[in-house]
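The values are calculated or read from the model by the stated rules, or taken from the named source; none is laboratory data. Keep in mind that this is a model prediction, so the values were computed, not measured. Heads up, the Cβs are rebuilt from the backbone with ideal geometry, glycines too, and the neighbour counts pull from every protein chain shown.
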């Protein structure tokens, strides 16, 4: 009598393995798309919460929050705009612990702010939790957490790129009114200053905090539209800026790890995804608040 065969032949095993490999190959892109969609949705929700906080701050103070990276006699302490809105972003207990009469990077403020805050981090950014040295903050003993959302300083050029003067919007306190909505010299716009319309003016754009030593949670976080969205992302990822090599020109701008563009919060509280191939004239127009440009977005 013939005995029943038990098990697989080599050919049958190879066929099964091939089928499994095909299924995995089909499944992985689908999973990646789901993850990207979820990350983009969470990023949009973060920006909407930031928008609500900005409007809450504006209602209470009659202007948007400013940064004071270059303090002087009238504004003698150094602060980023982000900690100022915490009480309007469900972070009132933390806000109450901050001492706004001294610099934001001094004790006890430094201990409170030198840690990641999910609201200000995009889940698509693989560098989000990396603690980095920043301008005037030298590693390894003095590092700050990142912010992936930068204030719109305006349509200024950097060392290169296209835009208005002065480079980076570096104005003095004597003339600190930037073309955007929040500068780092102690000035910020109010709604009345946004003559181009709140729906046509960027308030905050995505950035990758680790790619720039002027974009972080506690010290300063701002950007210009000198270069296109996602400009030199791969180069910056492979050669992170430091104080010794700040890469000012290419690093100061708006970018993300979302495919094809980045999210932007507009002054009316809406969040829109802008394609990285957006016409640069339109892109710069969205960054200036009172230049009488007509902008039509798709």
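Annotations for the structure displayed:
- Residue match in the stretch 219-238 (condition: farther than 28 Å from residue 36 by Cα, crowded, with 23+ Cβ neighbours inside 10 Å and either free of Cβ contacts under 8 Å to residues at least 24 places away in the same chain or in contact with a strand residue (DSSP E or B) (Cβ under 7 Å, 6 or more places away or on another chain) (or both)): yes
- Counted residues, the stretch 103-123 - those being within 14 Å of residue 219 (Cβ to Cβ), free of Cβ contacts under 8 Å to residues at least 40 places away in the same chain and touching a helix residue (DSSP H, G or I) at 6+ places or on another chain (Cβ under 9 Å): 2
- Members of the stretch 177-195 that are crowded, with 19+ Cβ neighbours inside 10 Å and either in contact with a strand residue (DSSP E or B) (Cβ under 8 Å, 6 or more places away or on another chain) or modelled with pLDDT of 95 or more (or both): 178, 179, 180, 181, 182, 183, 184, 185, 186, 188, 189, 194
- Residue match in the stretch 141-158 (condition: closer than 23 Å to residue 241 by Cβ, out of contact with any strand residue (DSSP E or B) (no Cβ under 9 Å at 6 or more places or on another chain) and either exposed (fewer than 15 other Cβ atoms within 10 Å of the Cβ) or touching a residue at least 24 places away in the same chain (Cβ under 8 Å) (or both)): yes
- Checked against the criterion of being modelled with pLDDT of 90 or more, within 19 Å of residue 290 (Cα to Cα) and buried (at least 22 other Cβ atoms within 10 Å of the Cβ), the stretch 111-133 has no qualifying residue.
- Check on residue 199, more than 12 Å from the chain's Cα centre (by Cα), surrounded by fewer than 24 Cβ atoms within 10 Å (Cβ to Cβ), modelled with pLDDT of 95 or more and not in a loop (DSSP other than H, G, I, E, B): no
- Residue in the stretch 165-176 that is nearest to residue 200 (Cα to Cα), counting only those that are outside any helix (DSSP H, G or I) and modelled with pLDDT under 90: 176
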